[in-house]
Amino acid sequence: MSLPRVTFGIIVLNGEPFTRYTLRALYPFAHEIIVAEGAAPGAQNVASSDGHSRDGTLDILRRFKAEEDPENKVTIVTAEDEGHPNGFWPGEKDEQSQAYAKRATGDYLWQVDMDEFYRAEEMARVLAMLRDDPTITAVTFKQITFWGGLDYRVDGWYLRRGATYYHRLFKWGHGYSYATHRPPTVLDDQGRNLRDLHWIKGETLAARGIHLYHYSLLLPKQVIEKCDYYANAEWAMRAGAVQWAQDAFLSLRRPFRVHNVYNFLSWLERYSGPHPDQVQAMIHDVRTGGVSGVSLRETADIERLLASPWYALGRWIVQRLDPVDLWLRRIRRRLINAGAVRLPAAILRAAPKPFD
């Protein structure tokens, strides 16, 4: 039995230096790759005046199409193609994701961000799983989030409470629709959420050694642009994101707020596992000058931090405070709910608050 046909759907703004490496990683497994390039309104500070990437991403996509797409798998979509002449995608990425979804002709739709990778052998195992069980309707992956270099990962309360799991892979067919980008949700031809049917959860794949390798906090350029977007996007509610980039990512002055959802405690850990081949190729090219305009983060301060006994102790304490914080949040929520009818304001103000 042949492997299922997979449409990879990508939305991207300022995808460099990842663009060509992500496409190269996906290409052998793809029935097609549909890329929707351009900015949502909240990203206008990091976009060109006509709604496109400032770092040449669109040109690199077109060059890849011309030079590295012998099987004609790649389709590039812009807001202008969807009737938005100013070049900006309306809304906050629902429309952009729907643009690639409505063009999909595969048996499955696999959503990918430019800084998300999978190891080739793990992708092959996922496709074999879909081939062997065609009743599967949705697949979620547990991510490993890399921070400042290939030897470091970030973990924390926010990730451990569910955010480490990414809904990425969905069955696709006639009458199916992409409903929302946050969270990624696909409906079948009867309007049913595919995660309500035969859903393979991220915990299941992680137990089999299959992960999403997420390089979202790898490079200074990338982090600064993301934080500018988060600071201006209404849905994100992270007005301090740009300051976080300066204080926590570039300088490590906030070593227990190192994840960009900074209202939860987080920490750094050393990583010694494998990386996808194309990620290693990208880092090699950045180091040797094969990619221009991009620099790696210096790592001496990360090494000092991870070698420090006080940081190891603090990390141990923070990890064990996670259930305490959850308990305090539940208690406070119950007091507030009860206070709506019978608790005085003074008692509500005295209710335990989480460690934000």
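What number, in nm² with one decimal, is the all-direction average of the projected area of the convex hull of the alpha-carbon atoms of region 126-255?
That works out to 9.6 nm².
For ARG332 and THR299 in the same chain, what is the full-extension length gain: residue separation times 0.36 nm, less their Cα-Cα distance, in nm?
7.9 nm
Would you mind checking the tilt of helix 120-132 against the longest principal axis of the Cα atoms of the chain, expressed as 0 to 90 degrees and rounded to 10?
With both axes taken from Cα atoms, the answer is about 80 degrees.
Which label belongs to the value computed from this structure, given these candidates for Rg and Dmax of the Cα atoms in Å: (1) 21.4, 70; (2) 18.5, 56; (3) 25.8, 81?
Here Rg and Dmax of the Cα atoms in Å agrees with entry (1).
Taking the Cα atoms of region 1-159, report the difference between the largest and smallest coordinate on each principal axis, in whole Å and largest first.
So the three principal-axis extents are 47, 38, 30 Å.
Springs between alpha-carbon atoms under 10 Å, Gaussian network over the chain: tell me which of ARG287, ARG161, ARG333 tops the mean-square fluctuations.
ARG333
Let me test this: with uniform point scatterers at the alpha carbons of region 274-337, what is the Debye-based log₁₀ I(q)/I(0) at q = 0.20, 0.21, 0.23, 0.29 1/Å?
With no solvent term, the Cα-only Debye profile gives -0.86, -0.89, -0.95, -1.10.
Kindly report, to the nearest 10 Å², the accessible surface of ILE331 as traced by a 1.4 Å probe over protein heavy atoms only.
40 Å²
Highest mean first, what order results for 89-96, 296-303 on Cβ atoms within 10 Å? If you can, show how the numbers build up before the last one.
On the way: 89-96: 19.2, 296-303: 14.2.
By packing density, highest mean first, the sequence is 89-96, 296-303.
Given a 1.4 Å probe and every protein chain left where it sits, what share in percent of the accessible area of the chain is carbon and sulfur?
Roughly 52 percent, rounded to a whole number.
Farthest toward the dipole's positive end in the chain, which of PRO255, ASN232, GLN111, given Cβ charges of +1 (Lys, Arg) and -1 (Asp, Glu) about the Cα centre?
PRO255
Among ALA101, ALA36, ALA207, which one shows the biggest mean-square fluctuation in a GNM of the chain, springs joining Cα atoms closer than 10 Å?
With Cα springs under 10 Å in the chain, the top fluctuation among ALA101, ALA36, ALA207 is at ALA207.
How far is helix 277-288 tilted off the main Cα axis of the chain, in degrees rounded to 10, range 0 to 90?
80 degrees
Show which lysines lie in cross-link reach of LYS201 when reach means a straight Cα distance below 22 angstrom and same-chain residues fewer than eight apart are skipped.
Result set, ordered by chain and number: LYS142, LYS171.
Roughly how tilted is helix 57-67, in degrees to the nearest 10 and between 0 and 90, from the longest Cα axis of the chain?
That helix lies at roughly 30 degrees to the long axis.
Any idea of the accessible area per residue across region 276-315, 1.4 Å probe, to the nearest Å²?
59 Å²
Anyone know which of ARG208, ARG103, ARG168 comes out most mobile in the 10 Å Cα GNM of the chain?
ARG208
To the nearest whole percent, what portion of all C-alpha pairs in region 211-286 is separated by more than 20 angstrom?
Numbers: 1096 of 2850 pairs.
In whole percent, the long-distance tail amounts to 38.
Hey, what D do you get for region 163-207 in µm²/s if you plug the Kirkwood alpha-carbon radius into Stokes-Einstein at 10 °C and 1.306 mPa s?
141 µm²/s
The values are calculated or read from the model by the stated rules, or taken from the named source; none is laboratory data. Since this is a predicted model, take the numbers as computed values, not measurements. Note that we place each Cβ from the backbone using ideal geometry, even for glycine, and neighbour counts take in every protein chain shown. These area figures cover heavy atoms from the full protein model, side chains too; ligands, DNA and RNA do not enter into them. Shrake-Rupley method; radii C 1.70, N 1.55, O 1.52, S 1.80 Å.
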